[in-house]
Structures are given as structure tokens and as C-alpha cells.
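This report refers to the structure that appears directly beneath it.
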Amino acid sequence: MSKLASLSAFHGIAKPGRYGKADGGAGVTVIERTDLGLASVETRKGQVEALKAAVREAYGLDLPEGSTVAHGKNVSFIGTGPGQWLAVSATLQNEALAEALAGKLKGLASVSDQSSGRAVVRLGGPRVRDVLAKGLAIDLDPRVFPAGGAATSTLSHMGVLVWREGDEQAYDIALFRSVAASFWRWL
């Protein structure tokens, strides 16, 4: 039995290189984050406190309440709604993250692997906020959307999850693989 090869959501769509102005420094940089495991985590009825305790013990973090990012041992949790998070890991890639979470949170949360269903890109550079403002209807000013901030929103009619790590000029954007071509055309 042959094994299927995993392809980037942007395979055949996004070509590496320089776009736009030919001179000067890059205003925006784009990096596809293919190194991540992604999993949705949703608390089960009546298990909120037990889930919080299990996550604290397993990953050394308090689950975020609201749209923020909490970093722990090998996993970050991004608040996406009441009792819902997107777990992100650079060390537990693909389905390994969902399997680890399902084992540690058994009976406390429903866990679903999102690694193959979403693409994540990191947009950075001195003009990134200007570019994102053309399609994203949220204020990305660092005073309003600081490092560790997150938001579920739309970007040019595409559902996205946007979050910031430490760099003031970089945003990670998770989107469904099925809209990768539309995202690239918009960008």
C-alpha cells in the first residue's frame, strides 16, 4: 500500500520570490507555517474546572479566557470562543498533537485534529498592518491588539483566526485549506 504525500495548501499557488516593488526592503514577508500541529479543543458539559486543572498539570498553563494566546510546554492554546480553543504546537506536529491532547484530556474535552484542514501563514514586516487593513475588519494597533492577542474574524470574506506572538510586526493567520487560493489572490 502506498502512502499519500502531504502537500502544502499553497502548492502550485504561491511561488517563492519577490512581488510588488523591485527595490528597497520588503514591506511584507510571508512564511507558510508547515511545522505546526493544530487541534480544536472544546470542553465537555460540566468539565470546565477539571479541564483547566488537567491542562495546567499537563502543559503548565492556564487556559485563556477570551481571545488570547497562552503558551505552555510544547503547546499554545488560543481562545476561539466560550469553552473552545485552538491548540498549536511546533513540536507535536500533525495528528500527534490531537492524539496527545485526547489522551491527556480524555472525558474532559472533545479534541479534533485540524492540521490537515487548515493552513497557517505568518505575515510580517513594516507594512503588514497596512496590508491586513485592506481585508481584515479589526484594529491591529499594538495598543489594541498586543502580543498574545487573538481574534476570530473574516479577511476579505474568508473565516480566519489571527494571533500575535512577540513581534509587533508579525501575525499568524490560520485559514481553511479550501480558501488558500482565494487568500493568495487577495494577498
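Each value in this text was obtained by applying a stated rule to the coordinates, not by laboratory testing. Owing to the predicted nature of the structure, the values given are computational and were not obtained by experimental measurement. A quick note on method: Cβ atoms are made from the backbone with ideal geometry, for glycine too, and the neighbour counts reach across all protein chains shown.
Structural remarks
- Contour minus Cα-Cα distance for ALA181 and ASP23 (0.36 nm per residue): 54.2 nm
- Potential lengthening between ARG127 and THR154 on full extension [0.36 nm per residue; Cα-Cα distance subtracted]: 7.8 nm
- Summed residue charge, Cβ within 12 Å of PRO82's Cβ, Lys/Arg positive, Asp/Glu negative: -2
- Tilt relative to the chain, helix 95-104 - C-alpha long axis, 0 to 90 degrees, to 10: 30
- A quarter of the convex hull surface defined by the alpha-carbon atoms of the chain gives 12.1 nm² as the mean projection.
- Over 23 Å (Cα to Cα) - which of LYS3/LYS104; LYS73/LYS106; LYS21/LYS134; LYS15/LYS73; LYS3/LYS73 fall in this group: LYS3/LYS104; LYS15/LYS73; LYS3/LYS73
- The stretch 62-102 and the stretch 127-184 have Cα centres separated by 18 Å.
- Listed peptides 169-177, 35-43 appear in the order 35-43, 169-177 once ranked by packing, highest mean of other Cβ atoms within 10 Å at the front.
- For ASP62 and SER8, the FRET efficiency from 1/(1 + (r/R0)^6), where r spans their Cβ atoms and R0 equals 41 Å, is about 0.75.
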